[in-house]
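Here the structure is laid out as structure tokens; the discussion comes afterwards.
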Amino acid sequence: MHQAQAIIERVRRVSATTQYLDIAVQKPHYNIAAGQLFLARMTESLDPYLREPWTPVRREGSSVIVERPVTQNFAPGDVVNLLGPVGKPIPLREAAHSLLLIAYDSAPTALLMLAETALAKGLSVALALVGAALNYSLEALPQEIRNYPG
């Protein structure tokens, strides 16, 4: 696990409730994989003491994209202290041809990087949203993901 300062390069609103933060990260943090997350702190001090879990949804160039609610205010140039990657990556079998992801009563944010990884390997990906997950805005999802509302 590594701790480092990262810079928010871009803030994009992707739906009425969701925004994407493009964060320029250093090499140890860029190697984050599906199933892992960052522990983030926006302040220099230890207040608040506990960090927030930030789950990346994809990597682009030297940036990691993180999904955050629009109720939190961020601006390009903001500095965030990241600790991570935390957790173990989710392995994808070489013989796999398709992947079914199910979000049950929660946002599918934690599944999006796994979906992107699977799509990059040529797998077909289906995302099923069940219960409260149906409230998730679909604008942010890649076109290749077929959505089967439950």
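Every listed requirement among (1) more than 15 Å from the chain's Cα centre (by Cα); (2) over 20 Å from residue 26 (Cα atoms); (3) touching a residue at least 12 places away in the same chain (Cβ under 8 Å); (4) open to solvent by 50 Å² or more (accessible area, probe 1.4 Å) is met by residue 92 save one, (4). Conditions first: (1) modelled with pLDDT under 95; (2) open to solvent by less than 20 Å² (accessible area, probe 1.4 Å). Residue 66 passes all but one, so which condition is the exception? The single condition residue 66 does not satisfy is (1).
Please work out if residue 10 is in a strand (DSSP E or B) and modelled with pLDDT under 95. So residue 10 does not fit the description; no. Taking region 103-125 as the range and being modelled with pLDDT under 95, open to solvent by 70 Å² or more (accessible area, probe 1.4 Å) and either within 26 Å of residue 10 (Cα to Cα) or touching a strand residue (DSSP E or B) at 6+ places or on another chain (Cβ under 6 Å) (or both) as the test, only 120 passes. Within region 19-63, the only residue that satisfies the criterion of being open to solvent by less than 30 Å² (accessible area, probe 1.4 Å), assigned to a strand (DSSP E or B) and in contact with a Gly (Cβ under 7 Å, 6 or more places away or on another chain) is 38. Residue pairs whose Cβ atoms lie under 7 Å apart, sitting 6 or more positions apart in sequence or on different chains, and linking a residue in region 107-126 that is in contact (Cβ under 8 Å) with a residue 24 or more places away in the chain and within 12 Å of residue 145 (Cα to Cα) to a partner that is part of a helix (DSSP H, G or I) and open to solvent by 10 Å² or more (accessible area, probe 1.4 Å), are 125/119.
The values are calculated or read from the model by the stated rules, or taken from the named source; none is laboratory data. Since this is a predicted model, take the numbers as computed values, not measurements. Positions of Cβ are generated from backbone atoms using ideal geometry, with glycine treated the same way; all protein chains shown enter the neighbour counts. What goes into the accessible areas is simple: the full protein's heavy atoms, side chains included, and nothing from ligands, DNA or RNA. Shrake-Rupley method; radii C 1.70, N 1.55, O 1.52, S 1.80 Å.
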